Amino acid sequence: MKVLGIDTSCDDTSIAVLDGNRIMVNLVSSHLAPGEFGGVVPEYASRTHTLLLYPMLTSALRTADLDVSDIDLIAVTRGPGLLGSLLCGLSFAKGLSLSSGKPLRTVNHMEGHIYAVRLSYPHIEPPFLVLLVSGGHTELHLVEEEFFYREMGATLDDACGEALDKVGKLMGLGYPAGPAVEKLAVKSRNPVKLPRPKPKDMDFSYSGLKTAARNYLADHPGTVNEDMASGLQEAAFDHLVDRVCMAVEKTGVEKVGLGGGVAVNKRLRTKLIETGHRQGFNLFAPPPELCTDNAVMIAAAGSARFKEFGQSPPDEPAFDRASLGGSTQ
Ligand code: KG4
Ligand code: ZN
């Protein structure tokens, strides 16, 4: 089955075609607003999605040597994300479905990240844990069985990537700062010591770490960027690893998937792999291009949902906040 995937949840326009487990084409266009804004500008993102969707669809089909008539299913993100951005992709997908007669399946973006793990490791079967770490989300889910998710923890304030971006901004790094923080950190000789967050249960919190980093930089104006980058990464990632260990211990589940933009970071992967060796869990981390936002994962999740629940109604709305929960539709 050839599935066209479309994701416009934030500021990346993504279009992909998946044939079974084979990725035929995976296009992502990152279109950050001009530098002076220093972050995502929702209106700019929406307008750019509108401009890019049609040419990217044409390009994707040409690359895969396909016509719209060869597509069996259109899968599109319906949330969570920026409402304006979501509506661009969802409206485009609905129009394409109506004009081509191809079925439409809407998908929760976070479930898409979980299906990136399933696509990368086809033998992985529930139950397994998934840690999703991006600029907008820091969540730990237990996949109890297919389509049934239990949230073990989520951030109480900032997301992990958001904290890296905000401290990186104070350090004079561009947006998003995560990749620059990773590059600097490997050159550190004397990492800054920062406190490890310890919120209740299995939740996450990054605002305290962000403030601690800001205060440290104010009190130590000569701080070398490399040392702050490394100290920041260590504290931010120790917090993630700590929550994963708690979840493994509590559930007895020893398979841990990973997703989101921060999951690209090699230091985070190494920490999770090494801790897994000590604590008895295995890490299932997709390749970087399937960790960051992409439409392959939306095609994979859409395909699974379509097989189980059929197509989505044509009046399906977009949701800026959409919980994963146990879902039967
Ligand atoms: O999943 P994503 O591409 O977009 C959304 O947030 O939806 O994640 C972007 C986040 C940003 O905060 C960025 O700084 C972070 O992922 N990021 C990284 C790295 N690459 C991207 N953080 C640490 N190390 C990286 N190599
Ligand atoms: Zn995402």
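The values are calculated or read from the model by the stated rules, or taken from the named source; none is laboratory data. Being a predicted model, the structure only gives us computed values, none of them experimental. Cβ placement follows ideal geometry from the backbone for every residue including glycine, while neighbour counts extend to all protein chains displayed.
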Practice prompt. Answer yes or no as to whether Met24 is of a type outside the set (S, T, N, Q), over 29 Å from Ser323 (Cα atoms) and either crowded, with 17+ Cβ neighbours inside 10 Å or touching a helix residue (DSSP H, G or I) at 6+ places or on another chain (Cβ under 9 Å) (or both).
Written response: yes
Worksheet, complete the sentence: The residue from Glu274, Glu308, Glu254 that alone is surrounded by 14 or more Cβ atoms within 10 Å (Cβ to Cβ) and of a type in the set (Asp, Glu) is Glu254
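If the requirement is being within 15 Å of ligand 1 (Cβ to nearest atom), β-branched (Val, Ile, Thr), surrounded by fewer than 24 Cβ atoms within 10 Å (Cβ to Cβ) and at pLDDT 95 or above, which of these qualifies: Thr292, Thr223?
Values: Thr223 fails: within 15 Å of ligand 1 (Cβ to nearest atom).
Just a single option satisfies the conditions, and that option is Thr292.
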Worksheet item: Would a scan of the stretch 67-74 turn up a residue that is outside any helix (DSSP H, G or I) and surrounded by fewer than 17 Cβ atoms within 10 Å (Cβ to Cβ)?
Response: yes
Discussion item. For the stretch 29-56, give me each residue that is within 16 Å of ligand 2 (Cβ to nearest atom) and either at pLDDT 95 or above or more than 25 Å from Leu173 (Cα to Cα) (or both).
Written reply: His49
Discussion item. Pairs please, first residue from the stretch 273-296 and in contact (Cβ under 8 Å) with a residue 40 or more places away in the chain, second anywhere and among the aromatic types (Phe, Trp, Tyr), Cβ atoms under 9 Å, 6+ apart in sequence or on different chains.
Written reply: Phe284/Tyr121; Phe284/Phe128; Pro286/Tyr121; Val296/Tyr115
Worksheet item: Inside the stretch 122-150, can you point out the residues that are exposed (fewer than 15 other Cβ atoms within 10 Å of the Cβ) and farther than 19 Å from Leu283 by Cβ?
Response: Glu145, Glu146
Worksheet item: Given the conditions (1) within 15 Å of ligand 1 (Cβ to nearest atom); (2) among the charged types (D, E, K, R); (3) in contact with a Pro (Cβ under 9 Å, 6 or more places away or on another chain), which single one is not true for Lys183?
Response: (3)
Practice prompt. Only residues that are of a type outside the set (Asp, Glu) and within 20 Å of the chain's Cα centre (by Cα): list them for the stretch 175-198, please.
Written response: Tyr175, Pro176, Ala177, Gly178, Pro179, Ala180, Val181
Worksheet item: List the pairs whose first member sits in the stretch 210-232 and is without any contact (Cβ under 8 Å) to a residue 40 or more places away in the chain, whose second member is surrounded by fewer than 16 Cβ atoms within 10 Å (Cβ to Cβ) and not in a helix (DSSP H, G or I), and whose Cβ atoms are under 7 Å apart, counting only residues at least 6 apart or on separate chains?
Response: Ala212/Pro195; Asp227/Asn190
Practice prompt. Output the residues belonging to the stretch 312-329 that are surrounded by 17 or more Cβ atoms within 10 Å (Cβ to Cβ) and of a type in the set (S, T, N, Q).
Written response: Ser312
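Of everything in the stretch 135-161, what is within 11 Å of ligand 1 (Cβ to nearest atom) and modelled with pLDDT of 95 or more? Give them in sequence order.
Thr138, Asp158, Ala159, Cys160, Gly161
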Practice prompt. Write out, first by first residue and then by second, each pair whose Cβ atoms fall under 6 Å of each other, whose residues are 6+ apart or on separate chains, and whose first residue, in the stretch 161-180, is small (Gly, Ala, Ser) while the second is in a loop (DSSP other than H, G, I, E, B) and more than 8 Å from ligand 1 (Cβ to nearest atom).
Written response: Ala163/Tyr206; Ala180/Leu173
Fill in: Qualifying residue in the stretch 237-250 (condition: away from ligand 2 (no atom under 16 Å from the Cβ) and touching a Pro at 6+ places or on another chain (Cβ under 7 Å))
yes
Worksheet item: Pairs under 6 Å by beta carbon, first residue over 25 Å from Glu146 (Cα atoms) and of a type outside the set (Gly, Ala, Ser) in the stretch 91-119, partner in a helix (DSSP H, G or I) and more than 16 Å from ligand 1 (Cβ to nearest atom), six or more apart or different chains?
Response: Phe92/Leu53
